[in-house]
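The structure appears right after this line, and notes come after that.
No value in this document is a laboratory result; all are computed from the given coordinates. Here the structure is a predicted model, which is why all the values come from computation and not from measurement. Backbone-built Cβ (ideal geometry, glycine too); neighbour counts: all protein chains shown.
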Amino acid sequence: MPLSTKLDKRNEEIKIYINGEFFHRDQAKISVFDSGFLLGDGIWEGIRLVNNSWLFLDEHLDRLYEGCKAIDIRLDEDKKFLTNAIIETQKINNITDAAHARVMVTRGNKIKPFQQPSLSKDGINLVIIMEHSEEHPNTDGVKLVTVPQVRGLPMSQDPKLNSHSKLNCIIACIQANKSGGDEALMLDPLGFVNTTNSCNFFIVKNGEVWTSTGDYCMNGITRLKVIEICKNNKIPIYEKNFSLVDVYSSQEAFITGTLGSLTQVTNVDDRLIGNVNHGWPVTEKLRKLYKDLIYAQ
């Protein structure tokens, strides 16, 4: 999700949780032998704080545990332990609202800088970075550029894994940025529209909301909530294959993510999406319904 580059001065003094201890951000260190640093061997979650409540925390932690299990990282700590660690980090940083936490689990430090997972002998590294982070919706919308990089196949690097290995998406983002875009629009291996490099993607056509089948995209929690909101409010929603031709002729498009909620897409591959004079009525309605949901937590 394109974010504001404006820095919050309060974040200069935050304390980072590392394996049960807290360190000022300038002293927060991980070994160069950490498997996440060496090979991107780890799983992470991004969680948003609103009104002293961590949004959809159970779903985020469930996804974290599922990811660790899928790549055979042994995470013995239970959800209560992780929840308490998040709350401790929140308290020591005196944060009660408008924050973002990144919870990271790696396979731990290796005895040699090689790929073999069994070389991580001493157990996981658990890190929580928590920052003051106001939602900065881009009221002008975002511009997407379609890139040649595709989301991975389940038998290569399953895109449903929120892994530390994000190089494919980073390369896609670089490609889009160099072409004047804010984010990359990525296709699936069959050539259908899938997702952006960091967010889930939706279009609106003739009053219907479309998103990808979900076969090749991250199991986005905000994506799931938007789908549920549509169903609960009788807004037609379809998870389906669709092409760039459908995107270019859509009336609206938007992206979803934990930190940015819903942000309208105004331009894809130099095609204007929607009509600035008419606004983005479906997107705006869904944004309001989503805000109602999160403030009811």
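Details
- Across every direction, the projection of the convex hull enclosing the Cα atoms of the chain has a mean area of 15.6 nm².
- Calculated FRET efficiency, Asn232 to Lys9, Cβ-Cβ distance, R0 = 51 Å: about 0.80 to the nearest 0.05.
- An oblate overall shape is assigned to the range 214-255, the ratio a/c of its alpha-carbon gyration tensor axes (a ≥ b ≥ c) being 1.5 or greater and a/b not exceeding b/c.
- At q = 0.10, 0.18, 0.19 Å⁻¹ the log10 of I(q)/I(0) for the range 10-132 amounts to -0.30, -0.94, -1.03, computed by Debye summation with a single uniform scatterer per C-alpha, solvent ignored.
- Model label sites at Asn51 and Thr83, defined 7 Å from Cα along the beta-carbon direction, differ in position by 1.9 nm.
- Simple spin-label estimate for Ile171 and Leu153 in nanometres, 7 Å along Cα-Cβ: 1.6 nm
- Over the range 169-216, volume per residue of the alpha carbon convex hull, in Å³: 92 Å³
- Cross-link partners of Lys166 among lysines (Cα-Cα below 26 Å; sequence separation of 8 or more within a chain): Lys6, Lys15, Lys29, Lys69, Lys79, Lys110, Lys112, Lys121, Lys143, Lys178, Lys225, Lys240
- For the range 77-196: rounded, prolate or oblate by the Cα gyration tensor [a/c cutoff 1.5]: oblate
- Each of Phe242, Phe56 was scored by other Cβ atoms within 10 Å of its Cβ. Arranged with the fewest first, they read Phe242, Phe56.
- On the beta carbon distance between Thr213 and Asp97, with R0 = 45 Å, the FRET formula returns roughly 0.80.
- Going by neighbour counts of Cβ atoms within 10 Å, the residues Asp97, Asp62 line up, fewest first, as Asp97, Asp62.
- Counting DSSP beta bridges with both ends in the chain, the antiparallel % (nearest 5): 80 percent
- Among Val145, Val226, the ranking by other beta carbons within 10 Å of each residue's beta carbon, starting with the fewest, stands as Val145, Val226.
- Annotation note: trypsin sites (Lys or Arg not before Pro) in the range 167-270 located in DSSP loop regions with a Cβ neighbour count of at most 16 within 10 Å are Lys234, Lys240.
- Equivalent ellipsoid semi-axes - Cα gyration tensor, the range 142-295, angstrom: 23, 18, 14
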